[in-house]
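The values are calculated or read from the model by the stated rules, or taken from the named source; none is laboratory data. In this text, all values refer to a predicted model and were calculated from it rather than measured experimentally. Here the Cβ positions follow ideal geometry from the backbone for every residue, glycine too, while neighbour counts run over all protein chains shown. What goes into the accessible areas is simple: the full protein's heavy atoms, side chains included, and nothing from ligands, DNA or RNA. Shrake-Rupley method; radii C 1.70, N 1.55, O 1.52, S 1.80 Å.
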Amino acid sequence: MTVRGDKTVPYLIKVCLPIPVRGSFDYLSDEPVAAGCRVLVPFGSRKIIASCVGEGEGNNIENPKLKKIIKKIDDEPIITGELLSLSLWMEKRYFTTRGMALKMILPTELKGKARNFKSAEALPFRGELPQTASLPDMPSGAKTVYVSGSRLFLKAFLMREIEKTVSSGGRVIFLVPVMSETAEFEDILGGFRVARFNSSLLPSHRHSILRDFRDGKIDVIIGTRSAVFAPLGKNGLIIMIGAEKKTYIEEQHPRYSTEEVSMQRAELSGGRFIASGGALTVEQFYRVKRGQAAAVHEKEENKSRRVMCDVNEDGVNFGVSPMLLKHIGKTLSEKKQVLLYSPRGGWATSYVCGACKFVMKCEKCSRRLYVSRFNLYCPSCKKSFPLPERCPRCRRKKMKNRGIGRALVASFLRKQFPGNVIRAVEIESDASEKIRDYANYEKGSIDALISGPGFAAIRDWSKTGLFAVMDADFLLYGDDWRAEEKTYLWLASLCGFLAPENANALFLVQTRIAPELVRAALSGDDSFYNKQLDIRRKFAFPPFARILKIKVSGKSAAAACVKIRKDIEGKVLEISSDAPSMPSAGGVEIRVKVPPDDTFEIEPMRGASITIEEER
């Protein structure tokens, strides 16, 4: 409390509550509370942890309705001034309240004061470190830099920038898509004080890590997307591995983009942001083109080891073209291994009635069932079902397999190469069976392996002579407007993964409907980006527009939907038709396109809950 004349006056503070209500609330406190500290306050009949964002207005201190805080949680602010500024930006960018943004920055589950855990120790040096002598220089003046190339090139580049940052007194946030990838980068973090930060830690432990990182007792904090909110300080560095991965998008409201948050933090703190990947996304290319970011690419010398096969010209048998069959035979004759990638598991991709065209689907999730051995299998529910003799719809005995799965490809290749060990990673195999298959491949016990996405678990590629993608078009058959970009990025990342220093193997890609796209991905041709930008500019897709989903629920959802449509008409580039926006158990959803830099707001309505999220 402060003393004014003969009176003792409490402190007036302004707090933001983690509730979907805009604005801040004034509370009284017997002791000073710094901005960025958390306090426990009464709110109606509840007790809520709120974040102090500053001092309240002095003329409001005599208000008899003001309540006192229950207690102050933090003695020193974990939420720095830069993070408080970031919360204001997130409030507008992600259509949320400042209190909800602050809850994302520092979750309220981190209750109480940080306990003293063992301080982070320097990691030991492991293995041979990558050479940094011939690396390209960091673009001067650029806050955001996109780096693409092989994994060895990325490691060398990042290690050099981490050393520069830490030696100058800065700190580093190292972001990975999943925590299992941290082990791959421990060799370049040797000698630095590193702490792992993820949701599996106790809340008090996470709080302790944030405090030590703020105080400079930790050089590098490594974790998934939530680590992006660690108190970075000035001249810091944020690194994002695999920036195109979907795991960097928050699943719950507010659905923030870790890449956008990192870019904003670099601007606010005067630090730098480095995003790495196999290639640039279309939005990243557009930022570089406009001068908002810089790009660093590895100089590739040997692209002749990348081959495209157009199956329309070459033909295909059991998913294997004559060109691919020829290279498989040549590779096996040279006593090298073959790895084939196929996204389709089982013997067949579906079980269909030849008479009425009925397709067997899972009763729980409605996903199409795979034919696996003598059963039907749902990859989502992890359940098997018996094969019906008759069609459930027309009752005729016309059920048959459709599509080519990994097991069928393996059966075909065993007949072509009877003297070799050929195995498929089955779709219903558990984790231990898959690990055993990949371990046997590394040992050389398997000559040819047909695998799904799990092949990244293989670390030793020295014996691999051929890596082939059996169907590069599998992402293009849906209605995803990003399908071409996803295919390009996926193939480009494989090119980096199969660099000569990692695996000097022939990279062959089969395609039926997208030969130009595959050819551009294998050669790194920028013409793909220019074509995509022309299409997106014409039809108003990102980066030339933001696609928003307005979700309306509550007893007045239908009436609110009509009013919203009337209010926003003429303010948006495009609005979804009336047909999909019918009241249902989940409410109403309206899909709109708005200019990328425009402020978009909807006034609250009585009897309706309105949530706005960006489609990504």
**Q.** Separation of the residue 204 and residue 531 label points, Cα + 7 Å toward Cβ, nm
**A.** 5.9 nm
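Could you size up the charge dipole of the chain around its Cα centre, putting +1 on the beta carbon of Lys and Arg and -1 on that of Asp and Glu, and report it in debye to the nearest 20? Walk me through the numbers before you get to the answer.
Details: 97 positive and 72 negative charges, 466 e Å.
Here the size comes out at about 2240 debye.
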Q. Contour minus end-to-end for residue 482 and residue 443, with contour as 0.36 nm per residue of separation and end-to-end as the Cα-Cα distance?
A. 10.2 nm
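In deg cm²/dmol, rounded to 500, what helix-only [θ] at 222 nm does the chain give when every DSSP H run of at least 4 residues adds -39500 (n - 2.57) and the total is split over its residues? Could the numbers behind the result be given before it?
On the way: 14 runs with 159 residues, N = 616.
My calculation for the chain gives -8000 deg cm²/dmol from helical runs alone.
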Q) When all protein chains stay in place, what accessible area (Å², nearest 10, 1.4 Å probe) is found for residue 394? A) 40 Å²
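With every protein chain present, what is the per residue accessible area of the chain (1.4 Å probe, Å²)? Let's see the in-between values first.
Details: 30080 Å² over 616 residues.
For the chain, the solvent-accessible area averages 49 Å² per residue.
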Q.
Using +1 at the C-beta of Lys and Arg and -1 at the C-beta of Asp and Glu, which of 417, 213, 524 has the Cα lying farthest in the positive direction of the dipole of the chain?
A. 417
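If you add up the charges near residue 336, with Lys and Arg at +1 and Asp and Glu at -1, over every other residue whose beta carbon is less than 12 angstrom from its beta carbon, what do you get? Working shown, then result.
On the way: positive: 330, 335, 463; negative: 334, 447.
Around residue 336, the surrounding residues sum to +1.
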(Q) Between helix 527-539 and the chain, what is the angle of the helix's C-alpha long axis to the longest principal axis, kept within 0 to 90° and rounded to the nearest 10? (A) 60 degrees
Q) Which of 342, 327, 387 sits farthest toward the positive end of the charge dipole of region 280-390, with +1 on the Cβ of Lys and Arg and -1 on the Cβ of Asp and Glu? A) 387
Q | 13 Å beta-carbon shell around residue 148, net charge (K/R +1, D/E -1) | A | -2
Q: Mark the label point 7 Å from the Cα of residue 463 along Cα→Cβ and return the residues of region 378-422 whose backbone N is within less than 14 Å of it.
A: 420-422
Q) Using a probe of 1.4 angstrom, how much of the accessible area of region 362-446 is carbon and sulfur, in percent? A) 46 percent
Q: Measure nothing but the geometry: give the 0 to 90° angle between the long axis through the Cα atoms of 406-416 and the longest principal axis through the Cα atoms of the chain, rounded to 10°.
A: 30 degrees
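Run the numbers for residue 317 and residue 246: contour at 0.36 nm per residue of separation, minus the present Cα-Cα distance, in nm. Mind showing how you got there, number by number?
Values: separation 71, 0.36 × 71 = 25.56 nm, distance 3.41 nm.
Length gained between residue 317 and residue 246: 22.1 nm.
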Q: Report, in whole Å, the centroid distance computed from the Cα atoms of region 558-579 and region 364-398.
A: 42 Å
**Q.** Calculated on alpha-carbon atoms, Rg and Dmax of the chain in Å
**A.** 28.1, 99
(Q) Just to be sure I understand: if I project the alpha-carbon convex hull of region 440-509 onto a plane and average over all orientations, what area do I get in nm²? (A) 4.9 nm²
Q: Return the whole-Å distance between the Cα centroid of region 416-483 and the Cα centroid of region 199-243.
A: 35 Å
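Less than 11 Å Cβ to Cβ from residue 392, Lys/Arg counted +1 and Asp/Glu -1: what total charge do the surrounding residues give?
Surrounding charge for residue 392 is +3.
Past the 27 Å Cα-Cα mark, which pairs from 246/364; 103/364; 155/299; 538/566; 434/463; 289/566? List each step's numbers first, then the result.
On the way: 246/364 25 Å; 103/364 35 Å; 155/299 15 Å; 538/566 25 Å; 434/463 19 Å; 289/566 37 Å.
103/364; 289/566, as the Cα separations exceed 27 Å there.
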Q. For the Cα atoms of the chain, what angle does the longest principal axis make with the long axis of helix 557-568, in degrees from 0 to 90, nearest 10?
A. 90 degrees
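Considering all alpha-carbon pairs of region 526-616, what whole percent are spaced by more than 21 angstrom?
Numbers: 1444 of 4095 pairs.
Beyond 21 Å sits 35 percent of the P(r) for region 526-616.
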